[in-house]
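These notes are about the structure you will find just below.
The values are calculated or read from the model by the stated rules, or taken from the named source; none is laboratory data. Please read these numbers as outputs of a predicted model, since none were measured by experiment. All Cβ positions, even for glycine, are placed from backbone atoms using ideal geometry, and neighbour counts span all protein chains on display.
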Amino acid sequence: MSKLAPYDTYKYDFINARGILTRENVESIINEAGYHANNYTITERSTDKGFLAEGSPVMALTSLRNAAKRLKIAVEITSPNDYGDGDRTPYPPDGNLADEYTIYLQNESESTQVFWFFLERPEELISDPLVYANSDIHLAVSPHSPSVDTFTVPVQYLVGAGAGNNAVGLDVRIDSTIIEKAHLGEEFSAVYADVPPNQGPTLSRTGTGAGENSLSISSNPFDQANNEANGWYSNMSFGIQTAQGFAGMTWSPNPNQRRTLTPTLTFYVAVGEFGQNRLASWTTVSIDSAELVVPRDFAQRKATVTYTSRGQWVVTPGAPSLADSIGGSAGGSLGNLIESQRLLAQAQSNLLSLSTGYAERQD
């Protein structure tokens, strides 16, 4: 299938499975799936009391179904065939909208390690020393663990804005007070209040002219000097959202500034004393960590990261083998078991041959 243009009009059928579907249900499902219902025209069909949503960007069927399930709404969602104009509506297979990457974690050291996940900065932010790494995605992995430990990373971008009593800086915990899911091409505007009184910002989507591979976020001409003199500090963030949390970067925005960001799918996996949503330097994150670049280090959107007994990193495209996934010493036991089974099968074959020969001599 040819690649779909990101802002064409697409159509989605919401079928009234049990007679309880409402327009508000449809809007909730779309919003919960990470899109915005106000980007779609929702009309009720007279045939089955279902609803038709038309708009852009193109939505992933899996996301919609998961949202319906989370909201406990009985609804079937299908790609439509024909709406009277004779044209079949294009619909991508599940996963074509947001790629999902799985990173398998293996710990060959002799102690439990806490693995942390980070997202590399867009190229426009790499040279800015006041942009800090920010993540709450982490997982403790036991030595030679037999369990399957992973980071699952859907490429769902987020932009965020916040304000609080903590200035943006190293080892400071920063949580955005407002976040929006973002798609490439979209433009956002954060409006920061002048204090007093202390007040959080607003964040809104303002357009779709950021460029095919970029997105942008701008700030209003707020009184930064006066706000900070009163102990009120603004922050701005960009990153990705996973089921395990947020990973990205945070900085202090300048007034009346527009930043265009071109994301790069480069991930870091590190072990160490990082804090949840506590800002870290990129030097600390990138040194002594595993770097994974899409698509270089992935096979079928999977990669295995191994922290060795020497404290070094090995990145292998694809999922781990069965022996590796069970663990180092257990992997050896598995190999021994396979060899034992092979020898047993050989012995059974030899015994069968001897029995057959004996029977032939008796005849």
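Against the list (1) at pLDDT 70 or above; (2) surrounded by fewer than 18 Cβ atoms within 10 Å (Cβ to Cβ); (3) touching a Ser or Thr at 6+ places or on another chain (Cβ under 7 Å); (4) among the charged types (D, E, K, R), the condition residue 23 fails is (3).
When region 170-195 is filtered for residues that are surrounded by fewer than 17 Cβ atoms within 10 Å (Cβ to Cβ) and modelled with pLDDT of 95 or more, the ones remaining, listed by number, are 191, 194. Would you confirm whether any residue within region 96-105 is out of contact with any strand residue (DSSP E or B) (no Cβ under 6 Å at 6 or more places or on another chain), modelled with pLDDT of 75 or more and not in a strand (DSSP E or B)? Taking every residue of region 96-105 in turn, none turns out to be out of contact with any strand residue (DSSP E or B) (no Cβ under 6 Å at 6 or more places or on another chain), modelled with pLDDT of 75 or more and not in a strand (DSSP E or B). Scoring residue 257 on the criteria (1) under 25 Å from residue 127 (Cβ atoms); (2) surrounded by 15 or more Cβ atoms within 10 Å (Cβ to Cβ) leaves a single failure, condition (2). Scanning region 106-122 for residues that are under 16 Å from residue 280 (Cα atoms) and either of a type in the set (D, E, K, R) or not in a strand (DSSP E or B) (or both) yields 120, 121.
Quick one: is residue 311 surrounded by fewer than 18 Cβ atoms within 10 Å (Cβ to Cβ), within 23 Å of the chain's Cα centre (by Cα) and at pLDDT 85 or above?
When the stated conditions are applied, residue 311 does not pass them.
Residue pairs whose Cβ atoms lie under 8 Å apart, separated by 6 or more positions or on different chains, with the first residue in region 203-228 and under 9 Å from residue 188 (Cα atoms) and surrounded by 18 or more Cβ atoms within 10 Å (Cβ to Cβ) and the second modelled with pLDDT under 95 and among the hydroxyl-bearing types (Ser, Thr, Tyr), are 215/157.
For region 143-160, give me each residue that is more than 19 Å from the chain's Cα centre (by Cα), over 17 Å from residue 319 (Cβ atoms) and at pLDDT below 95.
Listed by number, the list holds a single entry, 144.
Within region 194-210, can one find any residue that is among the β-branched types (Val, Ile, Thr) and in contact with a Leu (Cβ under 8 Å, 6 or more places away or on another chain)? Let's see the steps before the verdict.
Initially, region 194-210 is screened for residues among the β-branched types (Val, Ile, Thr), giving 195, 202, 206, 208.
Imposing the further condition that a residue be in contact with a Leu (Cβ under 8 Å, 6 or more places away or on another chain) reduces the set to none.
Taking every residue of region 194-210 in turn, none turns out to be among the β-branched types (Val, Ile, Thr) and in contact with a Leu (Cβ under 8 Å, 6 or more places away or on another chain).
Across region 284-305, the qualifying residues are those that are of a type in the set (S, T, N, Q) and over 18 Å from the mean Cα position of the chain (by Cα), and the one among them that is surrounded by the most Cβ atoms within 10 Å (Cβ to Cβ) is 289.
For (1) within 30 Å of residue 314 (Cβ to Cβ); (2) of a type outside the set (Gly, Ala, Ser), each residue gets a yes or a no:
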| site | (1), (2) |
| --- | --- |
| 187 | no, yes |
| 208 | no, yes |
| 218 | no, no |
| 226 | no, yes |
| 244 | yes, yes |
| 260 | no, yes |
| 266 | yes, yes |
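Apart from one condition, residue 240 fits all of (1) within 18 Å of the chain's Cα centre (by Cα); (2) modelled with pLDDT of 95 or more; (3) not hydroxyl-bearing (Ser, Thr, Tyr); the exception is (2). Is it the case that residue 250 is under 18 Å from residue 278 (Cβ atoms), β-branched (Val, Ile, Thr) and touching a Pro at 6+ places or on another chain (Cβ under 8 Å)? When the stated conditions are applied, residue 250 does not pass them.
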